[in-house]
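Laboratory data are not the source of any read-out in this text; all were calculated from the coordinates shown. All values reported here derive from a predicted model rather than from experimental measurement. As a convention, Cβ positions derive from the backbone with ideal geometry for all residues, glycine included, and neighbour counts pool all protein chains shown.
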C-alpha cells in the first residue's frame, strides 16, 4: 500500500474518527420522522430460538403495539409499567450474563457459548421493552464471514436489536463509560468488546483490538456517527470504521435501523413498546482499496444506509396513516 508524502497516517489521521458528532444532521434533507420496523430472513427460526416463523420467510422475534411518538414524554400507567419492567429485566439479565461470561473466562471469549449469552441478553432487553424486530436483507450476510458492520444510531436499544437479529458473531466498539461500570465492564471486556474513549481515543489500541477480533472470525459493530441521533436523522460518518475495514481488508456491511428512537428515545428513561426495522445492504468490498479510498467508501456506505432509512421512514409513515 503506497501513500503520497502528504497523506496522513496513523493516529493523527483518525482524530475525528471516534469523536462525538452533532452537526450536519439535516444534510441531504433526511426525514426526521420515526416509523416502525420487524425481522425477515430464511432460517431465522433455527438461528434464533424463541422466534416464530412468519409468512414469506419472516421471523417475528417479539411482538408489541407501536405507540405514536411525537418526541414528548408520556405519563402514567402503561408506559411507567413498561419502563420499570424493562429496566428490572434488563439489569437482571445484565448481571446474569456478566457472571456467565466471567465464569467462562477470557480464554473462551471466542466461543459460541459467549455469542449465545450475548444474544440471550439482547433478547431479554428487547422482550422486556416490547420491541418487535424485523430484518430484511439477510440474504446478503454470510454467517461465517467477518465484516465491519456500520449502522446509523438512534437509541441505546440499537445494539440489542442488531446483536439479536444479525446472524453474526458480533463484537461492539463501545464507549469507555460502560467499561467503568463494576462487573459489567469486566464482563464486556472479557467477551471481546472494544473500548473507545471518545474524548481521547487510543487509535493504536483500537486498531490492535479490532484486528484481533476480526482475525478470530468476529464481526465488528460500529456506529460511525459517534453518538445517537437526537431526532432520528443520519449525521456525517467518521472514518474510523472504514480505516479498520481497509487496513484489515474485510468488507463493510451497511445496516439501516429505524424505530428504536420511538421505543427508547435518546436521553430519556421512558420506554414504549413498538416495532424496530433493520435493513441489511450488500457488502461493500475493500479488497485492493487503500487509504486513498476511505472517503469514497465512507460516503458510499452512508448513501446506502441513508436510502434504506429513507425508504423505511416512507413505508412506515404510509402504514401508520393507513
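Numbers for the structure displayed
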{"read-out": "Extent along principal axes [Cα atoms of region 220-313; Å; largest to smallest]", "value": "46, 23, 19"}
{"read-out": "Ordering of 115-126, 303-314 by burial proxy (mean other Cβ atoms within 10 Å per residue, highest first)", "value": "115-126, 303-314"}
{"read-out": "Inter-probe distance in nm under a simple model that places probes 7 Å from Cα toward Cβ, at residue 208 and residue 299", "value": "3.5"}
{"read-out": "Globularity index of region 140-203, i.e. its alpha-carbon radius of gyration over 2.2 N^0.38 Å", "value": "1.20"}
{"read-out": "Equivalent ellipsoid semi-axes - Cα gyration tensor, region 258-322, angstrom", "value": "31, 16, 9"}
